[in-house]
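S.K.: I'd like to ask some things about the structure below.
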2 protein chains.
Amino acid sequence: MTNDQLMVKAAWLYHVEGITQAQIAERMLLTRRKVNELLSAALDQGVVKISFNSPLAETVEQAAKLRARFALDDAIIVPTPADAGQIATVIGRATALFLDTYLRGAGPAALGVGWGATLRETVNHMTALNAPAIKVRSMMGGLTRGSEINTFEIVRRFAKVLNAECHYLAAPIYADDPASRDTIIAQTAFKTLLGEAASVDVSLLSVGDVSTQSLQVRYGLPAGTDGAALRAAGAVGDLLGRYLDRDGQEIDHRLNRQVIAPELRDYRRIRTRVIASGGRHKRDVLGACLKAGLATILITDADTASWLLGDLPSSPPSVNMEDARAAQSQAIDGHQA
Amino acid sequence: MTNDQLMVKAAWLYHVEGITQAQIAERMLLTRRKVNELLSAALDQGVVKISFNSPLAETVEQAAKLRARFALDDAIIVPTPADAGQIATVIGRATALFLDTYLRGAGPAALGVGWGATLRETVNHMTALNAPAIKVRSMMGGLTRGSEINTFEIVRRFAKVLNAECHYLAAPIYADDPASRDTIIAQTAFKTLLGEAASVDVSLLSVGDVSTQSLQVRYGLPAGTDGAALRAAGAVGDLLGRYLDRDGQEIDHRLNRQVIAPELRDYRRIRTRVIASGGRHKRDVLGACLKAGLATILITDADTASWLLGDLPSSPPSVNMEDARAAQSQAIDGHQA
DNA sequence: TGAGCTAAGTTACAAATGTTACTGCGTTGT
DNA sequence: ACAACGCAGTAACATTTGTAACTTAGCTCA
């Protein structure tokens, strides 16, 4: 029996029939240890999924406010996890649930996807759906330097889970200079691919920030550009590889003329534009995107939602993540007293 | 905060953020005991749900064979639980998952439902869906003597979870005698209700058997009729309150002229006819229904599926459930040696 | 051939979980 | 007002779970 099958069977016995891991080990002729491994593997590989039927009242309220304030079609807010490292996971899961129902219902012709930790978690937790009619399109090129989060891998996995075909945008995100960018995108092949990317019915993207936290800043920027330069030019983060200022306008920086991705103008024509991101350092750029109306559906966490609604003061860009985390866990500890 | 909200919040912290029950208790200012209670309540009230992404290979194979053999549109097979008491739960859950996706996809105009332990579990595990356009219809009258599984309750809950309206078939399943049955169904009100019941797009029923296990045999039969008489007349069980022989034909018994439910002839016109039932004592009647083409979609357990496919010998009607159960658990225990 | 290495199993233990028994407080009814 | 009842909280316990340390078998490469 394949490993996948073992996971499903063990998970069935455990979660549905409710017998102990020791008993499962006996029945399946495995060690208890192995069963334990299988069960956690099943959980984080998304073979078994845990989903919620009723949403949390608090987040529903925030979602309604966000919808009204930024003219969104929908907003989904998940509670901010105490452990900042879990934000991508949690938002990713919520996004997966959203997409699951959305794709089943609307059945769009084409889905454009970006990349990032959040989208990786999303595809991890999607339910398999036989929808060969859906076209999956990559909306941005890949990182050229190695990274644990691979653009192509994400697109491929989306296609696989939907049993659909996919097109990669087989190019780096940034050309070496504006002139070569123009040459590249003038190629028939790229024109087609960019055209396809811009003509999807639904796009699923996350945003990047300009801190050193950002994978894109660390690995994705071409030689001669760094995060500091972008910040100096007024950037608060990027969408589709294009760096934006606080108002969601593209900054005047050479990098934005090197990017190989659809124009924001074309991007705006996409009917359903999902942006899924959260966490403290993504605040500013999320705010910028919303201000500029770049999203029609927002998926984020409760703290970020509060901030977007103006409940919290704007954070200075120099905020230290360690301090922030310490402050947060203190608040939680304080609760106990 | 309402109890439901507490459950959702605790479940979120536990299943998504992955913190311990003790920590949740601290954060939510509850006792660990309370948290523990909330979590299991959340699980069996269906506030959180565990679902599987990939099906078990073995059952998929059986399902394909059943589809071919009985000209079904679909078949869903779940592993037979070791504990016979769990059969309704397990099949019910599978049915809920099926209905969830089915209703989201096809969006039928009207759903007819029956009653029984399996359907109660089904509605327990359905995902809430805002589908006010769906009409929920009761397809059979209610038991007149008290029972823990109430017909009206089930219809109402289906309607509630779909946020839809429902019509009850406000009548007993059986009239006192054939003559009064005819009088009753001649009433305009009942004509309308029976017509509605027979004109749904999807019906969801389970079957009854003729053993003393059967709730219907124990509580639902009118005075003057008992299980033994039905068995003597060749009945192997009932669908829609109508008792059938091994070939799925209505037996010639007075009871079948007392029943207040759609005619099988009309029932057959329903496009999608789901039958969800399993367990050893339902074998014969399931076989009868399939032979007569009364189902288009079957949801049952693996052992029953095997039997239906002819892999197992027909069981004598006098089989003792206690023995069967003992034999089964012995088989499992034997595994360990 | 044998030393060393890897992978899997076994054992053992610490943490987390589920349950039971007990305690005390409030509430109800006489 | 007082007794009886019951419910929620507390603490303690047994079970289950997750993990780490250790062992063994099989294999590779010198």
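The values are calculated or read from the model by the stated rules, or taken from the named source; none is laboratory data. Computed from a predicted structure; not experimentally measured. Neighbour counts run over all protein chains shown; Cβ positions are idealised from the backbone, glycine included. The area values use the complete protein model at the heavy-atom level, side chains included, leaving out ligands, DNA and RNA. Shrake-Rupley method; radii C 1.70, N 1.55, O 1.52, S 1.80 Å.
S.K.: Is it fair to say B:Ala82 is surrounded by fewer than 21 Cβ atoms within 10 Å (Cβ to Cβ) and away from chain A (no Cβ under 13 Å)?
M.R.: On the way: surrounded by fewer than 21 Cβ atoms within 10 Å (Cβ to Cβ): yes; away from chain A (no Cβ under 13 Å): no.
Criteria not met by B:Ala82.
S.K.: Could you say whether any residue in the range B:98-111 is surrounded by fewer than 19 Cβ atoms within 10 Å (Cβ to Cβ) and within 15 Å of the chain's Cα centre (by Cα)?
M.R.: Yes, that holds for at least one residue.
S.K.: Something else now. Name the residues in the range A:37-46 that are within 13 Å of DNA strand D (Cβ to nearest atom) and open to solvent by 70 Å² or more (accessible area, probe 1.4 Å), would you? Can you show your working first?
M.R.: First, pick out the residues of the range A:37-46 that are within 13 Å of DNA strand D (Cβ to nearest atom): A:37-44.
Within the range A:37-46, A:Glu37, A:Leu43, A:Asp44 meet the criteria.
S.K.: So which residues in the range A:1-32 are under 24 Å from B:Ala41 (Cβ atoms), small (Gly, Ala, Ser) and within 11 Å of DNA strand D (Cβ to nearest atom), if there are any at all?
M.R.: A:Gly18
S.K.: Here is a further query. Which of the residues spanning the range B:222-255 are assigned to a helix (DSSP H, G or I) and in contact with a helix residue (DSSP H, G or I) (Cβ under 9 Å, 6 or more places away or on another chain)?
M.R.: Quick first cut of the range B:222-255, residues assigned to a helix (DSSP H, G or I) only: B:227-232, B:254-255.
Selection gives B:Gly227, B:Ala229, B:Leu230, B:Arg254, B:Leu255.
S.K.: Residues to consider are B:Leu6, B:Leu30, B:Leu66; find the one that is more than 10 Å from chain A (Cβ to nearest Cβ), open to solvent by less than 20 Å² (accessible area, probe 1.4 Å), more than 19 Å from A:His15 (Cβ to Cβ) and not β-branched (Val, Ile, Thr). Write out each step before concluding.
M.R.: Values: B:Leu6 fails: open to solvent by less than 20 Å² (accessible area, probe 1.4 Å); B:Leu30 fails: open to solvent by less than 20 Å² (accessible area, probe 1.4 Å).
Selected residue: B:Leu66, the only one of B:Leu6, B:Leu30, B:Leu66 that is more than 10 Å from chain A (Cβ to nearest Cβ), open to solvent by less than 20 Å² (accessible area, probe 1.4 Å), more than 19 Å from A:His15 (Cβ to Cβ) and not β-branched (Val, Ile, Thr).
S.K.: Please work out if B:Ala94 is over 22 Å from B:Asp4 (Cβ atoms), outside any strand (DSSP E or B), modelled with pLDDT of 90 or more and facing chain A (nearest Cβ under 10 Å). Lay out the reasoning, then the answer.
M.R.: Values: over 22 Å from B:Asp4 (Cβ atoms): yes; outside any strand (DSSP E or B): yes; modelled with pLDDT of 90 or more: yes; facing chain A (nearest Cβ under 10 Å): yes.
It is true that B:Ala94 is over 22 Å from B:Asp4 (Cβ atoms), outside any strand (DSSP E or B), modelled with pLDDT of 90 or more and facing chain A (nearest Cβ under 10 Å).
S.K.: Any residue that is in the same structural domain as B:Asn256 (by TED's automatic domain parsing), out of contact with any strand residue (DSSP E or B) (no Cβ under 9 Å at 6 or more places or on another chain) and at pLDDT below 85 - is there at least one of those in the range B:157-171?
M.R.: no
S.K.: Out of the residues in the range B:33-55 meeting the condition of being farther than 21 Å from A:Gly46 by Cα, under 26 Å from the mean Cα position of the chain (by Cα) and polar (S, T, N, Q), tell me which one is nearest to the other protein chains (Cβ to nearest Cβ).
M.R.: Going through the qualifying residues, I end up with B:Gln45.
S.K.: When you go through (1) modelled with pLDDT of 95 or more; (2) assigned to a loop (DSSP other than H, G, I, E, B) one by one for A:Thr300, which number turns out not to apply?
M.R.: Every listed condition holds for A:Thr300 apart from (2).
Matching residues to (1) away from DNA strand C (no atom under 16 Å from the Cβ); (2) among the β-branched types (Val, Ile, Thr); (3) at pLDDT 90 or above:
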| residue | (1), (2), (3) |
| --- | --- |
| B:Leu29 | yes, no, no |
| B:Asn53 | yes, no, no |
| B:Leu56 | yes, no, no |
| B:Val60 | yes, yes, no |
| B:Lys65 | yes, no, yes |
| B:Phe70 | yes, no, yes |
| B:Ala75 | yes, no, yes |
| B:Val78 | yes, yes, yes |
| B:Pro108 | yes, no, no |
